[in-house]
């Protein structure tokens with residue numbers, strides 16, 4: 001392979017975690033705006049994550065609401081969204097986030113995998129990707145605490 005052929009052109013990441021609840025319950029914790037607002041969107045979520053939907057996510061730690069476009073939804077296994085992303089690859093202005101829900105142990109637990117792409121392979125793109133990687137890791141931790149124990153880890157954490 002020539003050096004030019006192996007040049008990094010796009011950045012992405014994947015994070016995952018296990019939640020001790022059935023796949024359909026964990027899927028709903030992301031798809032249902034009321035549930036998502038309990039542990040992640042500290043300023044609230046408006047609109048269910050269904051195909052073709054445009055929804056809004058608001059966070060107290062980032063002023064203003066973010067529009068989210070639902071590209072795909074296959075209950076209870078997969079949701080794909082796009083949202084605004086500075087330093088997005090290919091001159092675009094959005095990144096793509098894929099949530100995958102895999103039943104484990106007879107569907108008593110769920111493996112949640114979140115992949116976000118695509119940032120430019122630049123310093124600015126790397127910084128944005130690292131920020132979002134941290135955010136999705138926090139989201140997984142907060143979801144586990146809320147879904148399993150009713151504890152909101154984000155309450156008072158950012159403001």
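The values are calculated or read from the model by the stated rules, or taken from the named source; none is laboratory data. Quantities reported herein were computed from a predicted structural model and do not represent experimental measurements. In this analysis, Cβ positions are derived from the backbone assuming ideal geometry, glycine residues included, and neighbour counts consider all displayed protein chains.
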Being within 21 Å of residue 58 (Cβ to Cβ) and out of contact with any helix residue (DSSP H, G or I) (no Cβ under 7 Å at 6 or more places or on another chain), is that true of even one residue in the stretch 103-125? no
Would you confirm whether or not the stretch 60-77 contains a residue that is within 28 Å of residue 126 (Cβ to Cβ), touching a residue at least 12 places away in the same chain (Cβ under 8 Å) and in contact with a helix residue (DSSP H, G or I) (Cβ under 7 Å, 6 or more places away or on another chain)? no
Count of the stretch 35-49 residues which are touching a strand residue (DSSP E or B) at 6+ places or on another chain (Cβ under 6 Å) and over 20 Å from residue 115 (Cβ atoms): 7
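Residues are listed down the side, and each one gets a yes or a no for (1) at pLDDT 85 or above; (2) crowded, with 17+ Cβ neighbours inside 10 Å; (3) over 18 Å from residue 12 (Cβ atoms):
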| position | (1), (2), (3) |
| --- | --- |
| 62 | no, no, yes |
| 87 | no, yes, no |
| 110 | yes, yes, yes |
| 134 | yes, no, no |
| 147 | yes, yes, yes |
| 151 | yes, no, yes |
| 154 | no, yes, yes |
Can you spot a residue in the stretch 66-75 that is exposed (fewer than 15 other Cβ atoms within 10 Å of the Cβ) and part of a loop (DSSP other than H, G, I, E, B)? yes
Scan the stretch 126-159 for residues that are part of a loop (DSSP other than H, G, I, E, B) and within 22 Å of residue 23 (Cα to Cα) and report the count. 4
Of the conditions (1) surrounded by 15 or more Cβ atoms within 10 Å (Cβ to Cβ); (2) under 18 Å from residue 27 (Cβ atoms); (3) in contact with a strand residue (DSSP E or B) (Cβ under 9 Å, 6 or more places away or on another chain), residue 120 fails just one. Which one is it? (2)
Mind listing whichever residues of the stretch 1-34 are surrounded by 14 or more Cβ atoms within 10 Å (Cβ to Cβ), farther than 14 Å from residue 114 by Cα and either modelled with pLDDT under 95 or more than 15 Å from the chain's Cα centre (by Cα) (or both)? 10, 11, 20, 21, 22, 23, 24, 25
Residues located in the stretch 89-108, provided they are at pLDDT 95 or above and assigned to a loop (DSSP other than H, G, I, E, B): 105, 106, 107, 108
